[in-house]
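Asks: Here it is: the structure, laid out below.
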């Protein structure tokens with residue numbers, strides 16, 4: 001069984017799209033997806049001194065009105081994901097608009113931290129809420145250990161998003177991820193990056 005077939009069996013009952021490894025020829029289609037989102041809340045960073053040491057905490061803040069964000073992909077990370085040991089996964093429509101890319105994510109193994117990183121995770125806006133993102137995450141878990149030189153060292157999957165992307169934050173928390181850190185200098189536009197982590201499931205280990 002080739003890799004494309006292996007990923008397809010992760011979603012055997014779905015007849016509308018398939019999940020497969022992406023290639024360089026898919027990059028234009030990935031970049032062309034509608035990456036935008038609307039949010040009326042943000043996670044705001046507050047640094048306070050507790051017991052003589054600074055402590056950083058986030059709290060949810062409601063904005064005066066909903067704001068629209070573009071959420072453009074990181075080009076270098078997207079390009080690198082087509083080269084081993086990284087991986088680009090795409091969800092491709094099978095009927096109607098056959099061959100059209102609906103969603104994608106990129107994976108990078110970080111064996112020193114015993115985790116796999118999801119650096120880009122996008123479902124085109126018009127197709128959100130159909131379960132495509134959940135299937136991509138399942139595929140990511142199932143193949144995560146095959147990307148590492150020492151597969152048994154990979155224990156967690158970590159995903160990242162902007163502190164303004166409340167739809168993504170809620171989605172990750174709803175799917176069992178927990179907040180695990182932040183980086184104020186991660187994004188070029190100055191937004192704070194939030195990191196969410198989930199332990200790999202036993203089922204994912206068995207399928208890897």
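Read-outs: derived from the displayed coordinates by stated rules, not from any lab. Just so you know, these numbers come straight off a predicted model, no measurement behind them. So basically every Cβ, Gly included, is an ideal-geometry build from the backbone, and we count neighbours across all protein chains shown.
Asks: Roughly what angle does helix 132-144 make with the longest principal axis of the chain, taking Cα atoms, 0 to 90 degrees, to the nearest 10?
Replies: Between the helix axis and the principal axis of the chain, the angle is about 80 degrees.
Asks: How big is the antiparallel share of DSSP beta bridges in the chain, given as a percent to the nearest 5?
Replies: Numbers: 44 of 48 bridges.
Bridges in the chain are about 90 percent antiparallel.
Asks: Also, quick follow-up: When the C-alpha atoms of the chain are aligned to their principal axes, what extent does each axis show, in angstrom, from largest down?
Replies: Per principal axis, max minus min of the Cα coordinates gives 59, 40, 30 Å.
Asks: So, one more: Suppose a student asked you for the relative contact order of the chain, using Cα pairs under 8 Å spaced at least 6 residues apart; what percent would you report?
Replies: Details: 397 pairs, mean separation 39.4, N = 208.
Contact order relative to length: 19 percent.
Asks: Once label points are set 7 Å from the Cα along Cα→Cβ at both residue 189 and residue 84, what is their separation, rounded to one decimal in nm?
Replies: If labels sit at residue 189 and residue 84, their model points lie 3.6 nm apart.
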